[in-house]
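These notes concern the structure reproduced below.
The values are calculated or read from the model by the stated rules, or taken from the named source; none is laboratory data. None of the values given here were measured: they were computed from a predicted structure. Don't worry about glycine lacking a Cβ; one is built from the backbone with ideal geometry, like all the others, and counts go over all protein chains shown. Quick note on the areas: whole protein, heavy atoms, side chains included, nothing else; ligands and nucleic acids left out. Shrake-Rupley method; radii C 1.70, N 1.55, O 1.52, S 1.80 Å.
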Amino acid sequence: MTAASIEHMFASIPEVPGWLEGLNDEQRMAVLHDDGPLLVIAGAGSGKTRTLASRVARLIDDGVSPDRILLLTFTRRASAEMLRRAGGFVDQQATGRVWGGTFHSIANRLLRSHAAAVGLNDGFTVLDQSDSSGLFGLLRAESGFAEGKTRFPRKETISAIYSRAVNAQEKLTTVLDERFPWCRDNDDELKEIFRLYTARKRKHNVVDFDDLLLYWRALLEASQGGSIRGLFDHVLVDEYQDTNKIQADILRLLCGERGNVTAVGDDAQAIYSFRAASVVNMVEFPETFPSTTVVKLEQNYRSTPEILAAANAVIAQATDTFPKTLWSGRAAGPRPDLVTCTDEAAQADWVCDRVLEMRELGVPLQDQAVLFRTGHHSDGLEIELSRRKIPYMKFGGLRFLEAAHVKDLMSMLRILDNPRDELAWHRVLQLIPGIGPSTARRIMADLTESNEAPVRQFCETSFPVVAEARPFLVELQDAMGDCTAEGLDPGAQIERLTPFAKAVIERSYDDAAVRVGDLAQLRDIASSYSDRTRFLAEVTLDPPHSTTEVGPPHLDDDYLILSTVHSAKGGEWPVVHVIHAADGNIPSDMALNEPGGVDEERRLLYVALTRAKDHLSVSFPQRFYHRRFGGDSRHSYAVPSRFLTPVVEHFEPVVAGVPEEEGGAKSSVAGKDTVAAVLESLWE
């Protein structure tokens, strides 16, 4: 065969498109699926992001107009990452035209154009979750329900009850019976507060997160729903196991039973029922969309076979899940450690030893993570890490916009955007020294009674306030007046408001320099927007995480990761240490009486185990110390999680600390905080 004929032969072979290269058979099936419903059951570490990105690229390559593709994710960052990857296979300008974002952000975008169709006024602003709680607090006080002789639910509890009922579409009585039984006697009062809450939002032209989904569903059900449904030829949804009842309704109304909908998720990683997410949506997807094609992604690209064997054994005990077994083509690694610790101090000591040992073996601290069920489980470990000078960062705390100093400045922008925003006015006015709730209400009443534009009236009026408040009030009036100038983008408005906000920070908060830096970060984010309304909506719906709350590493650029399991979902590390895996912690005692609570706790442990790539340890203390009401220390004993007991053969047993009854030096004196106990420990 001549060189020319060989060249001709290869030229006749169709070139494999980039979006198909490197995919396994199951991933290819998902990417190449044509029309009709598709459910992709994507196990942990099975490459679902690459699969979704490749499917978007394939649709564009096949001639589907990018602006007729809707990609729904649970964070803006996830959407941006998928579209970035898709842009590596096709024209990036094309992927930039795809409708990508969270359910809430897409709802906000659609409602800005179709508000009137569902009874909304133009120019509405979005309340974040803490603002919603704040409004419930105002209504709670105004109604006088908190002044009775019996305990009344706090504003956070009221907000949680309301959100649960709305997102799960459950009757209030059902929510109270199953989730908040201690609030059953407040049924009538809660109904009244919820009526007032709905009326107050409408009066002040604000909506909360739940409203965005409700209005989107109403829009699809209204006479104009057909035009909305006609916007998209293909709808793709990530993390479908984390959708709630309203989101599932939206997808059904948007696509129809035989529409081009692709849902990707893993029922074994459904861990957000406390947000009203329902794994039932995924389990029942083939029934909702009868012609569904189901594809399973079971090849794991993250973990060693030994880690997967332990994780598979844990999740195999679950009920009502799509059966799957993760497997890996990676070389064999060490079995996961199951570490029995004498007490919490012994656990902290062992984890620190292992972290430093791995560091000496060449694994940086940032490639190691310590995971736990709830935030306070790391308290003892944090003390030991500090004592040993091991820097760390903890995740699972406040988000950026929940930090008080950031909310202060955002409230100023919200006033400029929606002068009827009562909560924003209430917060901003009370930042001024000498202005309390009564003075703030009086100023707000003057503004609402006038026929003039509220912001202009505020900037031009000399309000009767105490002398202490006068210079600060004038500074705020001048700054907000300047921000109304035409052509001033959101970043420039934040720049103008910063001097007033900086004075508030220096007067009211610790760590002033760091907090002022947060305002600069907010300004930088805002500078990429030309429209204030869009900036407020998008950043409220999907805010960046705070760095202030966890603090920077204090030794060098390397630091250990501490995280709740919920916050770690989607992450991966070469080395993972799961702590406090005792029954009562995992599963949590509080989850045992909730419907489906035990199964969700099992899935939570599964998520924790599958974050590990090369090394995994799971530890639990045998003994916990307690000190109550200033009395003597007491201790209780624990057993390993019920999820681990049937699968111990997949773990390497390790013992940390020496029990007292076996003699020898104690591993710790945890809980014995008197001088006598400390001295006694020296010769016991």
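Under the rule of -39500 (n - 2.57) per DSSP H run of 4 or more residues, summed and divided by the residues of the chain, what mean residue ellipticity at 222 nm is obtained, to the nearest 500 deg cm²/dmol? Don't skip to the answer; put the middle values down first.
Details: 29 runs with 312 residues, N = 684.
When only DSSP H runs of four or more count, the value is -13500 deg cm²/dmol.
Which entries of LYS171/LYS296; LYS245/LYS613; LYS48/LYS394; LYS324/LYS613 have Cα-Cα distances beyond 30 Å here?
Beyond 30 Å between Cα atoms: LYS171/LYS296; LYS245/LYS613.
Any idea which of MET590, PRO574, SER563 is furthest toward the positive side of the dipole for the chain, if Lys and Arg beta-carbons carry +1 and Asp and Glu beta-carbons -1?
Toward the positive end, the furthest listed residue is MET590.
Quick query: amide H of ALA581 versus all other amide H atoms, modeled in the peptide plane; which residues come in under 5 Å with a sequence gap of 5 or more or a different chain?
When sequence neighbours closer than 5 places are left aside, the close amide H contacts are SER619, PHE620.
Taking the convex hull of the Cα atoms, report for the chain its projected area averaged over all directions, in nm². All intermediate terms of the calculation are to be shown ahead of the outcome.
Working: hull surface 152.7 nm².
Average of the hull's projected areas for the chain equals 38.2 nm².
Obtain the nm distance between the two label points defined at THR484 and SER291 by a simple spin-label model: each point lies 7 Å from its Cα along the Cα-to-C-beta direction.
5.7 nm
In units of 2.2 N^0.38 Å, what is the alpha-carbon radius of gyration of region 434-522? If you can, show how the numbers build up before the last one.
Details: Rg = 14.5 Å, N = 89, 2.2 N^0.38 = 12.1 Å.
So the Cα radius of gyration is 1.20 times the expected 2.2 N^0.38 Å.
With +1 on the Cβ of every Lys and Arg and -1 on the Cβ of every Asp and Glu, and nothing else charged, how large is the dipole of the chain about its Cα centre, in debye rounded to the nearest 20?
Working: 74 positive and 99 negative charges, 220 e Å.
For this selection, approximately 1060 debye.
Report, by chain and number, residues whose modeled amide H sits under 5 Å from the one on ASP337, excluding near sequence neighbours (fewer than 5 apart, same chain).
Residues meeting the amide H criterion: LEU616, SER617, VAL618, GLU652.
For region 115-126, in order, what is each residue's ³J(HN,Hα) by Karplus, 6.51 cos²θ - 1.76 cosθ + 1.60 with θ = phi - 60°, in whole Hz (x at glycine and Pro)?
Ordered by residue, 3J(HN,Hα) equals 4, 4, 5, 10, x, 8, 8, 5, x, 5, 10, 10 Hz.
Only Cα pairs under 8 Å and at least 6 apart count here; give the relative contact order of region 212-346 as a rounded whole percent.
Details: 152 pairs, mean separation 27.6, N = 135.
Contact order relative to length: 20 percent.
Classify region 167-256 from the C-alpha gyration tensor, please: rounded if a/c falls under 1.5, else prolate or oblate depending on whether a/b exceeds b/c. Don't jump to the answer; show the numbers that get you there.
Numbers: a/c = 3.00, a/b = 1.65, b/c = 1.82.
Here region 167-256 falls in the oblate category.
Among 77-88, 523-534, how do they line up from the highest to the lowest mean number of other beta-carbon atoms within 10 Å?
On the way: 77-88: 18.9, 523-534: 15.5.
Listed from highest to lowest mean packing, they are 77-88, 523-534.
Please report the carbon-and-sulfur percent of the accessible area for the chain; probe 1.4 Å, protein heavy atoms only, DNA, RNA and ligands left out.
Heavy-atom surface of the chain belonging to carbon and sulfur, 1.4 Å probe: 51 percent.
At 1.4 Å probe size, with every protein chain present, just tell me what the per residue accessible area of the chain comes to in Å². Can you show the working numbers first?
Numbers: 30810 Å² over 684 residues.
Normalised by residue count, the accessible surface of the chain is 45 Å².
Residues with beta-carbon under 13 Å from that of PRO471, excluding PRO471: net charge, scoring Lys, Arg +1 and Asp, Glu -1? Provide the component values of the computation, followed by the final result.
Details: positive: ARG470, ARG507; negative: GLU468, GLU475, ASP478.
Spelling it out: positives minus negatives among the neighbours equals -1.
Can you report the principal axis dimensions of region 451-491 using only the alpha carbons, biggest first, rounded to whole angstrom?
Ordered largest first, region 451-491 gives principal extents of 35, 27, 10 Å.
Taking the Cα centre of region 338-477 as the origin and placing charges on Cβ (Lys, Arg +1; Asp, Glu -1), which of ILE383, CYS459, LEU365 is farthest toward the positive end of the dipole?
Projecting each Cα onto the dipole axis, the largest value belongs to CYS459.
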